[in-house]
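> The structure under discussion is supplied below as C-alpha coordinates; questions concerning it will follow.
The values are calculated or read from the model by the stated rules, or taken from the named source; none is laboratory data. Please read these numbers as outputs of a predicted model, since none were measured by experiment. Note: ideal-geometry Cβ built from the backbone for every residue, glycine included; neighbour counts use all protein chains shown. What goes into the accessible areas is simple: the full protein's heavy atoms, side chains included, and nothing from ligands, DNA or RNA. Shrake-Rupley method; radii C 1.70, N 1.55, O 1.52, S 1.80 Å.
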Amino acid sequence: MSTAVPTGDMPASGNGLPPILERMRAQPKLPLIVGGAAIVAAAAAFMLWSRAPDYKVLYTNVSDRDGGAIIASLQQMNVPYKFAEGGGAILIAGDKVAETRLKLAAQGLPKAGGVGFELMDNQKFGTSQFAEQVNYQRGLEGELARSIESIGTIEAARVHLALPKPSLFVRDQKKPSASVILTLLRGRSIDEGQVSAIVHMVSSSVPDLDAKSVTVVDQRGNLLSSARGTDRGLDVSQLKYAQEIEAGYIRRIEAILQPLVGASNVRAQVAADIDFAVVEHTDEKYTPNQDPKQAAVRSQQSSESAQNGGGAPGGVPGALSNQPPVNPTAPIVGPRAPNAPGTPPPGTPGAPGAVGTAGAAAATTSTASTGPSSTRKDTTTNYELDRTIRHVQQAAGGVKRLSVAVVVNNRDSVDAAGKTTSRALTPAEVEQIRNLAKEAMGFSTERGDSLNVVNSAFARDADSGPGPEVPFWKDRDNIEIGKSVGQYLLYALIALFAWLAVVRPLMRRHAPPPPAPLPVASTDADADTPPPAVADANAPTPEESLREREANRKKADMDYAHQIADKDPKLVAALIQHWMNSDE
(Lines give C-alpha, C1' and ligand atoms only; values in the text may rest on other atoms or scores of the structure.)
Protein backbone atom coordinates (compact mmCIF):
# COMPACT_ATOMS: atom_id res chain seq x y z
CA MET A 1 0.00 0.00 0.00
CA SER A 2 1.48 3.31 -1.06
CA THR A 3 1.68 6.21 1.36
CA ALA A 4 -0.86 8.96 0.88
CA VAL A 5 0.08 12.51 1.65
CA PRO A 6 -2.60 14.04 3.93
CA THR A 7 -3.61 17.63 3.88
CA GLY A 8 -3.59 20.09 6.73
CA ASP A 9 -2.09 18.83 9.98
CA MET A 10 -2.85 15.13 9.34
CA PRO A 11 0.21 12.84 9.64
CA ALA A 12 1.32 10.70 6.76
CA SER A 13 0.12 7.12 6.57
CA GLY A 14 0.75 4.30 4.11
CA ASN A 15 1.16 0.59 3.64
CA GLY A 16 4.03 0.47 6.13
CA LEU A 17 1.72 1.06 9.16
CA PRO A 18 1.34 -1.67 11.78
CA PRO A 19 -1.79 -3.81 11.70
CA ILE A 20 -3.27 -2.17 14.77
CA LEU A 21 -3.06 1.23 13.14
CA GLU A 22 -4.59 -0.17 9.98
CA ARG A 23 -7.43 -1.55 12.07
CA MET A 24 -7.87 1.80 13.85
CA ARG A 25 -7.82 3.48 10.44
CA ALA A 26 -10.47 1.15 9.10
CA GLN A 27 -12.63 1.66 12.24
CA PRO A 28 -12.71 5.33 13.30
CA LYS A 29 -14.68 4.64 16.48
CA LEU A 30 -12.01 2.36 17.93
CA PRO A 31 -9.73 5.21 19.18
CA LEU A 32 -12.70 6.76 20.93
CA ILE A 33 -13.44 3.52 22.69
CA VAL A 34 -9.79 3.06 23.69
CA GLY A 35 -9.51 6.65 24.89
CA GLY A 36 -12.68 6.43 26.92
CA ALA A 37 -11.55 3.17 28.49
CA ALA A 38 -8.20 4.75 29.33
CA ILE A 39 -9.88 7.72 30.98
CA VAL A 40 -12.18 5.47 33.01
CA ALA A 41 -9.23 3.30 34.07
CA ALA A 42 -7.19 6.35 35.07
CA ALA A 43 -10.08 7.77 37.09
CA ALA A 44 -10.69 4.43 38.81
CA ALA A 45 -6.98 4.06 39.59
CA PHE A 46 -6.85 7.57 41.01
CA MET A 47 -9.92 6.99 43.17
CA LEU A 48 -8.51 3.73 44.47
CA TRP A 49 -5.23 5.42 45.22
CA SER A 50 -6.97 8.27 47.02
CA ARG A 51 -9.03 5.79 49.03
CA ALA A 52 -6.04 3.70 50.05
CA PRO A 53 -6.23 2.75 53.74
CA ASP A 54 -4.42 4.94 56.26
CA TYR A 55 -2.02 2.56 57.92
CA LYS A 56 -1.58 2.90 61.65
CA VAL A 57 0.55 1.10 64.20
CA LEU A 58 -0.85 -2.19 65.45
CA TYR A 59 2.03 -3.24 67.70
CA THR A 60 5.56 -2.00 68.26
CA ASN A 61 8.64 -3.54 69.83
CA VAL A 62 7.33 -7.09 69.64
CA SER A 63 9.63 -10.05 69.85
CA ASP A 64 10.39 -12.18 66.80
CA ARG A 65 8.23 -15.01 68.07
CA ASP A 66 5.26 -12.76 68.78
CA GLY A 67 5.77 -10.95 65.45
CA GLY A 68 5.65 -14.20 63.50
CA ALA A 69 2.51 -15.32 65.29
CA ILE A 70 0.83 -11.96 64.68
CA ILE A 71 1.69 -12.02 60.95
CA ALA A 72 0.30 -15.56 60.62
CA SER A 73 -2.95 -14.50 62.29
CA LEU A 74 -3.23 -11.43 60.05
CA GLN A 75 -2.83 -13.59 56.97
CA GLN A 76 -5.55 -15.92 58.18
CA MET A 77 -7.88 -12.97 58.78
CA ASN A 78 -7.05 -11.48 55.33
CA VAL A 79 -5.93 -8.21 56.89
CA PRO A 80 -3.36 -6.30 54.79
CA TYR A 81 -0.28 -5.22 56.72
CA LYS A 82 3.13 -3.71 56.23
CA PHE A 83 6.22 -2.99 58.29
CA ALA A 84 7.71 0.30 59.35
CA GLU A 85 10.68 1.57 61.32
CA GLY A 86 12.97 -1.19 60.20
CA GLY A 87 10.52 -3.96 61.04
CA GLY A 88 10.01 -2.73 64.60
CA ALA A 89 6.34 -1.89 64.03
CA ILE A 90 3.44 -3.67 62.33
CA LEU A 91 1.01 -1.39 60.48
CA ILE A 92 -2.54 -2.15 59.35
CA ALA A 93 -5.50 -0.06 58.20
CA GLY A 94 -6.46 2.54 60.78
CA ASP A 95 -10.13 1.56 60.90
CA LYS A 96 -9.25 -2.05 61.73
CA VAL A 97 -6.75 -1.49 64.54
CA ALA A 98 -9.19 -1.84 67.44
CA GLU A 99 -11.00 -4.86 65.95
CA THR A 100 -7.75 -6.62 65.08
CA ARG A 101 -6.31 -6.05 68.55
CA LEU A 102 -9.39 -7.60 70.12
CA LYS A 103 -9.18 -10.63 67.85
CA LEU A 104 -5.47 -11.08 68.52
CA ALA A 105 -6.05 -10.66 72.25
CA ALA A 106 -8.61 -13.48 72.09
CA GLN A 107 -5.82 -15.63 70.63
CA GLY A 108 -3.42 -14.57 73.39
CA LEU A 109 -1.29 -12.37 71.13
CA PRO A 110 1.02 -10.72 71.65
CA LYS A 111 2.33 -12.62 74.58
CA ALA A 112 3.94 -10.75 77.44
CA GLY A 113 7.45 -9.63 76.74
CA GLY A 114 8.71 -10.78 80.10
CA VAL A 115 8.29 -14.17 81.64
CA GLY A 116 6.74 -14.72 85.02
CA PHE A 117 6.88 -17.43 87.64
CA GLU A 118 6.33 -20.05 84.96
CA LEU A 119 10.14 -20.20 84.86
CA MET A 120 9.97 -22.07 88.13
CA ASP A 121 7.73 -24.76 86.66
CA ASN A 122 10.44 -26.35 84.53
CA GLN A 123 13.37 -26.40 86.91
CA LYS A 124 16.00 -28.93 85.90
CA PHE A 125 17.60 -31.29 88.31
CA GLY A 126 20.97 -30.08 89.52
CA THR A 127 20.32 -26.37 88.98
CA SER A 128 22.68 -24.23 91.01
CA GLN A 129 21.55 -21.89 93.71
CA PHE A 130 22.66 -18.90 91.65
CA ALA A 131 20.52 -20.00 88.68
CA GLU A 132 17.53 -20.48 90.96
CA GLN A 133 18.01 -16.98 92.37
CA VAL A 134 18.28 -15.49 88.89
CA ASN A 135 15.14 -17.32 87.73
CA TYR A 136 13.27 -16.15 90.80
CA GLN A 137 14.31 -12.57 90.19
CA ARG A 138 13.32 -12.78 86.50
CA GLY A 139 9.97 -14.28 87.41
CA LEU A 140 9.32 -11.58 90.02
CA GLU A 141 10.21 -8.84 87.54
CA GLY A 142 7.94 -10.36 84.90
CA GLU A 143 4.99 -10.66 87.27
CA LEU A 144 5.39 -7.07 88.40
CA ALA A 145 5.60 -5.90 84.78
CA ARG A 146 2.39 -7.78 83.93
CA SER A 147 0.60 -6.23 86.89
CA ILE A 148 1.72 -2.73 85.91
CA GLU A 149 0.70 -3.26 82.26
CA SER A 150 -2.84 -4.01 83.39
CA ILE A 151 -3.27 -0.29 84.13
CA GLY A 152 -5.24 1.35 81.33
CA THR A 153 -2.83 4.20 80.48
CA ILE A 154 0.28 1.99 80.28
CA GLU A 155 1.16 0.14 77.10
CA ALA A 156 4.30 -1.67 78.30
CA ALA A 157 6.43 -1.81 81.43
CA ARG A 158 9.81 -3.18 82.48
CA VAL A 159 10.92 -3.78 86.06
CA HIS A 160 14.53 -4.07 87.23
CA LEU A 161 15.19 -5.34 90.74
CA ALA A 162 18.47 -5.04 92.60
CA LEU A 163 18.34 -7.73 95.27
CA PRO A 164 21.51 -7.82 97.40
CA LYS A 165 22.82 -11.02 98.90
CA PRO A 166 21.81 -11.63 102.50
CA SER A 167 24.53 -11.15 105.11
CA LEU A 168 24.96 -12.57 108.60
CA PHE A 169 26.16 -9.22 109.92
CA VAL A 170 23.65 -6.47 110.43
CA ARG A 171 26.05 -3.71 109.49
CA ASP A 172 26.80 -5.40 106.16
CA GLN A 173 23.17 -5.81 105.14
CA LYS A 174 22.01 -3.73 102.16
CA LYS A 175 18.51 -2.71 101.23
CA PRO A 176 17.06 -3.72 97.83
CA SER A 177 16.06 -1.19 95.19
CA ALA A 178 13.91 -1.21 92.04
CA SER A 179 13.53 0.71 88.78
CA VAL A 180 10.40 0.78 86.62
CA ILE A 181 10.29 1.98 82.99
CA LEU A 182 6.81 2.79 81.67
CA THR A 183 5.72 3.13 78.04
CA LEU A 184 2.52 5.16 78.01
CA LEU A 185 -0.11 4.96 75.32
CA ARG A 186 0.00 7.66 72.67
CA GLY A 187 -1.82 10.75 73.86
CA ARG A 188 -2.23 9.45 77.43
CA SER A 189 -0.65 10.67 80.65
CA ILE A 190 -0.26 9.29 84.15
CA ASP A 191 -1.03 11.27 87.28
CA GLU A 192 0.82 11.34 90.56
CA GLY A 193 -1.65 9.06 92.29
CA GLN A 194 -1.08 6.27 89.78
CA VAL A 195 2.69 6.68 90.15
CA SER A 196 2.35 6.37 93.92
CA ALA A 197 0.23 3.24 93.47
CA ILE A 198 2.91 1.66 91.25
CA VAL A 199 5.64 2.56 93.75
CA HIS A 200 3.75 1.06 96.70
CA MET A 201 2.83 -2.06 94.72
CA VAL A 202 6.47 -2.72 93.84
CA SER A 203 7.71 -1.96 97.35
CA SER A 204 5.06 -4.25 98.85
CA SER A 205 6.01 -7.12 96.53
CA VAL A 206 9.71 -7.21 97.46
CA PRO A 207 10.80 -7.90 101.05
CA ASP A 208 12.59 -5.01 102.86
CA LEU A 209 12.10 -2.70 99.87
CA ASP A 210 11.40 0.88 100.87
CA ALA A 211 9.10 3.01 98.74
CA LYS A 212 11.81 5.69 98.55
CA SER A 213 14.11 3.20 96.80
CA VAL A 214 11.73 2.72 93.84
CA THR A 215 12.36 4.85 90.73
CA VAL A 216 9.72 5.24 88.01
CA VAL A 217 10.67 6.65 84.58
CA ASP A 218 8.59 7.04 81.41
CA GLN A 219 9.67 6.33 77.82
CA ARG A 220 10.87 9.94 77.37
CA GLY A 221 13.21 9.72 80.34
CA ASN A 222 11.10 11.86 82.66
CA LEU A 223 11.38 11.03 86.35
CA LEU A 224 7.90 10.33 87.67
CA SER A 225 8.64 9.18 91.22
CA SER A 226 10.10 12.24 92.94
CA ALA A 227 10.53 12.68 96.68
CA ARG A 228 7.24 13.07 98.48
CA GLY A 229 8.44 14.33 101.83
CA THR A 230 6.45 16.70 104.03
CA ASP A 231 9.14 19.36 103.66
CA ARG A 232 8.48 19.67 99.94
CA GLY A 233 5.52 21.95 100.51
CA LEU A 234 2.23 21.65 98.69
CA ASP A 235 1.83 18.70 96.42
CA VAL A 236 -0.67 18.11 93.66
CA SER A 237 -3.32 16.58 95.92
CA GLN A 238 -3.22 19.56 98.30
CA LEU A 239 -3.50 22.06 95.45
CA LYS A 240 -6.40 20.07 94.02
CA TYR A 241 -8.09 20.06 97.42
CA ALA A 242 -7.71 23.85 97.67
CA GLN A 243 -9.19 24.29 94.19
CA GLU A 244 -12.15 22.08 95.10
CA ILE A 245 -12.77 24.14 98.25
CA GLU A 246 -12.71 27.38 96.26
CA ALA A 247 -14.95 25.97 93.52
CA GLY A 248 -17.45 24.83 96.16
CA TYR A 249 -17.71 28.31 97.65
CA ILE A 250 -18.08 29.84 94.19
CA ARG A 251 -20.94 27.50 93.34
CA ARG A 252 -22.70 28.27 96.61
CA ILE A 253 -22.43 32.04 96.18
CA GLU A 254 -23.51 32.05 92.53
CA ALA A 255 -26.36 29.60 93.20
CA ILE A 256 -27.92 31.86 95.83
CA LEU A 257 -27.48 35.07 93.80
CA GLN A 258 -28.51 33.86 90.35
CA PRO A 259 -32.27 33.75 91.10
CA LEU A 260 -32.07 37.45 92.02
CA VAL A 261 -29.86 38.92 89.29
CA GLY A 262 -29.79 36.23 86.60
CA ALA A 263 -27.44 33.43 85.66
CA SER A 264 -25.22 35.62 83.45
CA ASN A 265 -25.24 38.71 85.68
CA VAL A 266 -23.09 37.54 88.59
CA ARG A 267 -19.51 36.36 88.87
CA ALA A 268 -17.71 35.27 92.02
CA GLN A 269 -14.15 34.33 92.87
CA VAL A 270 -12.85 32.87 96.12
CA ALA A 271 -9.30 32.69 97.44
CA ALA A 272 -9.06 30.20 100.30
CA ASP A 273 -6.14 30.04 102.68
CA ILE A 274 -5.95 26.37 103.67
CA ASP A 275 -3.96 25.16 106.66
CA PHE A 276 -2.32 21.85 105.79
CA ALA A 277 -0.27 21.66 109.01
CA VAL A 278 -0.89 18.71 111.33
CA VAL A 279 -0.86 20.01 114.95
CA GLU A 280 -0.64 17.86 118.06
CA HIS A 281 -1.28 19.62 121.42
CA THR A 282 -0.93 18.07 124.89
CA ASP A 283 -1.97 19.85 128.14
CA GLU A 284 -1.49 18.71 131.76
CA LYS A 285 -3.18 20.91 134.40
CA TYR A 286 -3.32 20.78 138.21
CA THR A 287 -6.14 22.57 140.07
CA PRO A 288 -5.49 24.28 143.44
CA ASN A 289 -5.83 22.32 146.68
CA GLN A 290 -9.41 21.76 147.66
CA ASP A 291 -11.07 21.48 151.06
CA PRO A 292 -9.68 18.39 152.89
CA LYS A 293 -13.20 17.46 153.94
CA GLN A 294 -14.30 17.25 150.30
CA ALA A 295 -11.09 15.87 148.87
CA ALA A 296 -10.56 12.20 148.23
CA VAL A 297 -8.01 10.49 150.49
CA ARG A 298 -5.35 8.63 148.61
CA SER A 299 -3.51 7.18 151.69
CA GLN A 300 -3.47 7.74 155.45
CA GLN A 301 -0.83 6.68 158.00
CA SER A 302 -1.18 6.95 161.83
CA SER A 303 1.40 6.25 164.54
CA GLU A 304 0.64 6.31 168.32
CA SER A 305 2.93 5.54 171.30
CA ALA A 306 2.16 5.88 175.04
CA GLN A 307 4.33 5.26 178.16
CA ASN A 308 3.04 5.54 181.76
CA GLY A 309 4.78 4.90 185.06
CA GLY A 310 8.50 4.69 185.90
CA GLY A 311 11.10 4.00 183.47
CA ALA A 312 12.11 0.58 182.54
CA PRO A 313 14.62 -1.22 184.78
CA GLY A 314 18.07 -0.16 183.96
CA GLY A 315 21.51 0.19 185.34
CA VAL A 316 24.36 -2.19 185.92
CA PRO A 317 23.08 -5.68 186.30
CA GLY A 318 23.59 -6.98 189.82
CA ALA A 319 22.20 -6.89 193.30
CA LEU A 320 21.84 -3.13 193.48
CA SER A 321 19.72 -2.85 190.40
CA ASN A 322 17.71 -5.91 191.25
CA GLN A 323 16.02 -4.46 194.32
CA PRO A 324 12.24 -4.25 194.83
CA PRO A 325 10.73 -0.76 194.73
CA VAL A 326 10.52 1.24 197.92
CA ASN A 327 7.12 1.50 199.56
CA PRO A 328 5.46 4.80 198.63
CA THR A 329 4.66 7.36 201.31
CA ALA A 330 1.96 10.01 201.21
CA PRO A 331 3.15 13.64 201.08
CA ILE A 332 2.48 15.97 203.95
CA VAL A 333 1.08 18.68 201.65
CA GLY A 334 -0.72 17.58 198.58
CA PRO A 335 -2.14 19.60 195.75
CA ARG A 336 -5.69 20.72 195.92
CA ALA A 337 -8.29 19.94 193.48
CA PRO A 338 -8.84 22.63 190.92
CA ASN A 339 -12.43 23.22 192.08
CA ALA A 340 -11.99 22.59 195.80
CA PRO A 341 -13.23 25.21 198.19
CA GLY A 342 -10.52 27.67 199.17
CA THR A 343 -8.55 27.14 195.96
CA PRO A 344 -7.24 30.47 194.64
CA PRO A 345 -8.25 31.42 191.13
CA PRO A 346 -5.93 30.61 188.29
CA GLY A 347 -3.12 33.07 187.70
CA THR A 348 -2.71 33.97 191.41
CA PRO A 349 0.18 32.78 193.45
CA GLY A 350 -0.54 29.32 194.79
CA ALA A 351 -3.17 28.60 192.11
CA PRO A 352 -2.87 25.44 189.91
CA GLY A 353 -0.62 26.16 186.93
CA ALA A 354 0.93 29.20 188.56
CA VAL A 355 4.63 29.53 188.45
CA GLY A 356 6.08 29.50 191.83
CA THR A 357 7.97 27.54 194.40
CA ALA A 358 4.92 25.86 195.79
CA GLY A 359 3.69 24.87 192.34
CA ALA A 360 7.04 23.47 191.33
CA ALA A 361 7.31 21.55 194.53
CA ALA A 362 3.83 20.17 194.06
CA ALA A 363 4.59 19.15 190.46
CA THR A 364 7.77 17.50 191.51
CA THR A 365 6.01 15.69 194.27
CA SER A 366 3.22 14.55 191.89
CA THR A 367 5.68 13.31 189.38
CA ALA A 368 7.63 11.59 191.88
CA SER A 369 4.55 10.06 193.33
CA THR A 370 2.91 8.94 189.96
CA GLY A 371 6.03 8.05 187.95
CA PRO A 372 7.00 9.08 184.34
CA SER A 373 4.31 9.18 181.56
CA SER A 374 4.92 9.72 177.73
CA THR A 375 2.37 9.92 174.91
CA ARG A 376 3.05 10.40 171.12
CA LYS A 377 0.67 10.46 168.14
CA ASP A 378 1.67 10.93 164.39
CA THR A 379 -0.84 11.06 161.52
CA THR A 380 0.01 11.41 157.79
CA THR A 381 -2.86 11.82 155.23
CA ASN A 382 -2.31 12.01 151.42
CA TYR A 383 -5.16 13.47 149.31
CA GLU A 384 -5.77 13.01 145.53
CA LEU A 385 -4.72 15.96 143.36
CA ASP A 386 -6.87 17.15 140.39
CA ARG A 387 -5.05 16.52 137.11
CA THR A 388 -6.31 17.12 133.55
CA ILE A 389 -4.46 15.74 130.50
CA ARG A 390 -5.71 16.80 127.05
CA HIS A 391 -4.22 15.48 123.81
CA VAL A 392 -5.56 17.26 120.71
CA GLN A 393 -4.58 16.40 117.12
CA GLN A 394 -5.84 18.98 114.65
CA ALA A 395 -6.49 17.57 111.20
CA ALA A 396 -5.01 19.20 108.12
CA GLY A 397 -7.10 20.99 105.55
CA GLY A 398 -8.85 23.55 107.70
CA VAL A 399 -9.81 26.92 106.24
CA LYS A 400 -7.78 29.71 107.82
CA ARG A 401 -9.17 32.63 105.85
CA LEU A 402 -11.49 33.36 102.92
CA SER A 403 -11.27 36.27 100.49
CA VAL A 404 -14.35 36.62 98.28
CA ALA A 405 -14.99 39.01 95.39
CA VAL A 406 -18.45 39.29 93.81
CA VAL A 407 -19.28 41.32 90.69
CA VAL A 408 -22.95 41.98 89.88
CA ASN A 409 -24.18 43.37 86.58
CA ASN A 410 -26.53 46.34 86.32
CA ARG A 411 -30.23 45.61 86.25
CA ASP A 412 -32.10 45.97 82.96
CA SER A 413 -35.36 47.89 82.92
CA VAL A 414 -37.89 48.50 80.13
CA ASP A 415 -39.58 51.90 79.92
CA ALA A 416 -43.03 52.71 78.52
CA ALA A 417 -41.66 53.06 75.01
CA GLY A 418 -40.25 49.52 75.11
CA LYS A 419 -36.63 50.63 75.24
CA THR A 420 -34.32 48.59 77.44
CA THR A 421 -32.03 50.57 79.70
CA SER A 422 -29.46 49.50 82.26
CA ARG A 423 -29.44 50.97 85.75
CA ALA A 424 -27.19 50.45 88.74
CA LEU A 425 -28.40 48.61 91.82
CA THR A 426 -29.56 50.57 94.82
CA PRO A 427 -27.51 50.51 98.04
CA ALA A 428 -30.23 48.40 99.66
CA GLU A 429 -29.99 45.81 96.90
CA VAL A 430 -26.20 45.75 97.11
CA GLU A 431 -26.43 45.32 100.90
CA GLN A 432 -28.90 42.48 100.43
CA ILE A 433 -26.52 40.74 98.00
CA ARG A 434 -23.65 41.24 100.44
CA ASN A 435 -25.63 39.66 103.29
CA LEU A 436 -26.61 36.68 101.16
CA ALA A 437 -23.00 36.16 100.06
CA LYS A 438 -21.86 36.28 103.70
CA GLU A 439 -24.34 33.60 104.67
CA ALA A 440 -23.41 31.44 101.69
CA MET A 441 -19.67 31.60 102.39
CA GLY A 442 -19.98 31.32 106.17
CA PHE A 443 -18.42 34.69 106.90
CA SER A 444 -16.41 34.75 110.12
CA THR A 445 -14.97 37.91 111.65
CA GLU A 446 -12.74 35.98 114.04
CA ARG A 447 -11.22 34.12 111.11
CA GLY A 448 -10.49 37.37 109.27
CA ASP A 449 -12.67 36.76 106.18
CA SER A 450 -13.16 39.54 103.66
CA LEU A 451 -16.00 40.14 101.18
CA ASN A 452 -16.12 42.72 98.40
CA VAL A 453 -19.28 43.22 96.33
CA VAL A 454 -19.08 45.49 93.26
CA ASN A 455 -21.96 46.56 91.02
CA SER A 456 -20.89 47.47 87.49
CA ALA A 457 -22.00 47.06 83.89
CA PHE A 458 -20.53 44.03 82.19
CA ALA A 459 -18.53 44.42 78.98
CA ARG A 460 -21.16 42.43 77.02
CA ASP A 461 -24.66 43.20 78.20
CA ALA A 462 -27.73 41.16 77.51
CA ASP A 463 -28.99 43.70 74.90
CA SER A 464 -25.81 43.58 72.85
CA GLY A 465 -27.11 40.53 70.99
CA PRO A 466 -25.18 37.44 70.02
CA GLY A 467 -21.53 37.64 69.18
CA PRO A 468 -20.16 37.90 65.65
CA GLU A 469 -21.10 35.02 63.43
CA VAL A 470 -18.42 32.69 62.19
CA PRO A 471 -17.62 33.30 58.50
CA PHE A 472 -18.87 30.62 56.18
CA TRP A 473 -15.33 29.74 55.09
CA LYS A 474 -14.45 29.01 58.75
CA ASP A 475 -17.50 26.89 59.46
CA ARG A 476 -16.53 23.26 59.96
CA ASP A 477 -19.55 21.93 58.08
CA ASN A 478 -18.82 24.13 55.10
CA ILE A 479 -15.17 23.09 55.20
CA GLU A 480 -16.14 19.41 55.07
CA ILE A 481 -18.53 20.02 52.17
CA GLY A 482 -15.84 21.98 50.36
CA LYS A 483 -13.39 19.13 50.80
CA SER A 484 -15.83 16.63 49.28
CA VAL A 485 -16.69 18.90 46.34
CA GLY A 486 -13.04 19.71 45.78
CA GLN A 487 -12.15 16.03 45.71
CA TYR A 488 -14.67 15.26 42.96
CA LEU A 489 -13.73 18.44 41.11
CA LEU A 490 -10.12 17.33 41.17
CA TYR A 491 -11.13 14.02 39.64
CA ALA A 492 -12.99 15.86 36.87
CA LEU A 493 -10.04 18.17 36.17
CA ILE A 494 -7.65 15.23 35.97
CA ALA A 495 -9.98 13.44 33.54
CA LEU A 496 -10.35 16.59 31.42
CA PHE A 497 -6.60 17.09 31.35
CA ALA A 498 -6.07 13.47 30.33
CA TRP A 499 -8.59 13.88 27.50
CA LEU A 500 -7.21 17.15 26.19
CA ALA A 501 -3.51 16.49 26.67
CA VAL A 502 -3.19 12.76 26.02
CA VAL A 503 -6.18 11.02 24.49
CA ARG A 504 -7.30 13.63 22.00
CA PRO A 505 -3.84 14.26 20.47
CA LEU A 506 -3.26 10.52 20.29
CA MET A 507 -6.54 10.02 18.44
CA ARG A 508 -5.74 12.81 16.02
CA ARG A 509 -2.34 11.37 15.32
CA HIS A 510 -3.39 7.80 14.65
CA ALA A 511 -6.96 8.18 13.39
CA PRO A 512 -7.47 7.77 9.58
CA PRO A 513 -8.46 10.81 7.53
CA PRO A 514 -12.17 11.26 6.91
CA PRO A 515 -13.40 9.61 3.71
CA ALA A 516 -14.07 11.98 0.82
CA PRO A 517 -16.89 11.50 -1.76
CA LEU A 518 -15.66 10.18 -5.12
CA PRO A 519 -17.07 11.28 -8.45
CA VAL A 520 -18.49 7.92 -9.43
CA ALA A 521 -21.99 7.74 -10.84
CA SER A 522 -22.84 11.04 -9.30
CA THR A 523 -24.06 14.31 -10.69
CA ASP A 524 -22.04 17.44 -10.86
CA ALA A 525 -24.12 18.89 -8.11
CA ASP A 526 -23.20 16.03 -5.91
CA ALA A 527 -19.54 16.39 -6.82
CA ASP A 528 -19.58 20.04 -6.05
CA THR A 529 -21.21 19.44 -2.68
CA PRO A 530 -18.56 19.06 -0.01
CA PRO A 531 -18.84 16.00 2.19
CA PRO A 532 -20.35 16.73 5.57
CA ALA A 533 -17.71 14.64 7.37
CA VAL A 534 -14.80 16.82 6.33
CA ALA A 535 -15.88 19.86 8.27
CA ASP A 536 -13.05 21.48 10.06
CA ALA A 537 -12.95 20.54 13.71
CA ASN A 538 -10.49 23.23 14.58
CA ALA A 539 -11.28 26.52 16.12
CA PRO A 540 -13.57 28.82 14.12
CA THR A 541 -11.85 31.18 11.60
CA PRO A 542 -12.74 34.76 10.74
CA GLU A 543 -15.66 35.23 8.36
CA GLU A 544 -13.65 36.88 5.64
CA SER A 545 -11.37 33.85 5.17
CA LEU A 546 -14.01 31.17 5.58
CA ARG A 547 -14.95 30.89 1.87
CA GLU A 548 -11.35 30.76 0.70
CA ARG A 549 -10.51 27.97 3.11
CA GLU A 550 -13.54 25.97 2.06
CA ALA A 551 -12.56 26.22 -1.55
CA ASN A 552 -9.00 25.14 -0.87
CA ARG A 553 -10.18 22.23 1.20
CA LYS A 554 -12.63 21.10 -1.46
CA LYS A 555 -9.87 21.09 -4.05
CA ALA A 556 -7.50 19.22 -1.72
CA ASP A 557 -10.15 16.63 -1.00
CA MET A 558 -10.77 16.05 -4.67
CA ASP A 559 -7.07 15.64 -5.34
CA TYR A 560 -6.75 13.24 -2.46
CA ALA A 561 -9.71 11.18 -3.72
CA HIS A 562 -8.18 10.96 -7.19
CA GLN A 563 -4.86 9.83 -5.72
CA ILE A 564 -6.50 7.11 -3.67
CA ALA A 565 -8.54 5.95 -6.65
CA ASP A 566 -5.39 5.69 -8.74
CA LYS A 567 -3.23 3.97 -6.16
CA ASP A 568 -5.74 1.78 -4.35
CA PRO A 569 -8.81 1.04 -6.44
CA LYS A 570 -9.78 -1.84 -4.15
CA LEU A 571 -10.19 0.49 -1.22
CA VAL A 572 -12.32 2.84 -3.31
CA ALA A 573 -14.47 -0.04 -4.52
CA ALA A 574 -14.95 -1.26 -0.95
CA LEU A 575 -15.89 2.22 0.16
CA ILE A 576 -18.41 2.66 -2.63
CA GLN A 577 -19.88 -0.76 -1.86
CA HIS A 578 -20.17 0.27 1.78
CA TRP A 579 -22.00 3.44 0.81
CA MET A 580 -24.35 1.55 -1.45
CA ASN A 581 -25.18 -0.97 1.26
CA SER A 582 -25.76 1.81 3.74
CA ASP A 583 -28.05 3.61 1.29
CA GLU A 584 -30.08 0.45 0.78
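> Show me the ranking of peptides 149-160, 437-448 by mean Cβ neighbours inside 10 Å, starting with the highest.
149-160, 437-448
> OK, next. So how do 400, 554, 212 rank on accessible area, 1.4 Å probe, biggest first, that is with the largest at the start?
Numbers: 400 105, 554 70, 212 180 Å².
Correct descending sequence by accessible area is 212, 400, 554.
> Based on the mean of other beta carbon atoms within 10 Å per residue, what is the order of 473-480, 407-414, most packed first? Write out the running numbers ahead of the final one.
Working: 473-480: 10.0, 407-414: 16.1.
My ranking of the peptides, most packed first, is 407-414, 473-480.
> With a Förster radius of 51 Å, plug the Cβ-Cβ distance of residue 489 and residue 565 into 1/(1 + (r/R0)^6) and report the FRET value to the nearest 0.05.
Plugging the Cβ-Cβ distance into 1/(1 + (r/R0)^6) gives 0.50.
> Working out 0.36 nm times the residue gap between residue 379 and residue 298, then minus their Cα-Cα distance, what length gain in nm do you get to one decimal?
27.8 nm
> At 7 Å along Cα-to-Cβ for each site, give me the label-to-label distance between residue 284 and residue 34 in nm.
Spacing of the two 7 Å Cα→Cβ label points: 11.5 nm.
> So how do 492-503, 172-183 stack up, highest first, on mean other-Cβ count within 10 Å?
By packing density, highest mean first, the sequence is 172-183, 492-503.
> Okay, moving on. Once you put a point 7 Å from the Cα of residue 405 and another 7 Å from the Cα of residue 556, both along the Cβ direction, what distance in nm separates them?
Reported label-point gap for residue 405 and residue 556 is 8.9 nm.
> What does the accessible area of residue 251 come to, in Å² to the nearest 10, when a probe of 1.4 Å is used?
150 Å²
> Sticking with this one: Please give the contour-minus-distance gain from residue 201 to residue 502: 0.36 nm per residue of separation, less the Cα-Cα distance, rounded to one decimal in nm.
101.3 nm
> Rounded to the nearest 0.05, what FRET efficiency do residue 414 and residue 456 have when you use their Cβ-Cβ distance and R0 = 22 Å?
Efficiency, rounded to the nearest 0.05: 0.60.
> Evaluate E = 1/(1 + (r/R0)^6) for residue 446 and residue 260, where r is the Cβ-Cβ distance and R0 equals 41 Å; express this FRET efficiency to the nearest 0.05.
Numbers: r = 29 Å, r/R0 = 0.70.
FRET efficiency, residue 446 to residue 260: 0.90.
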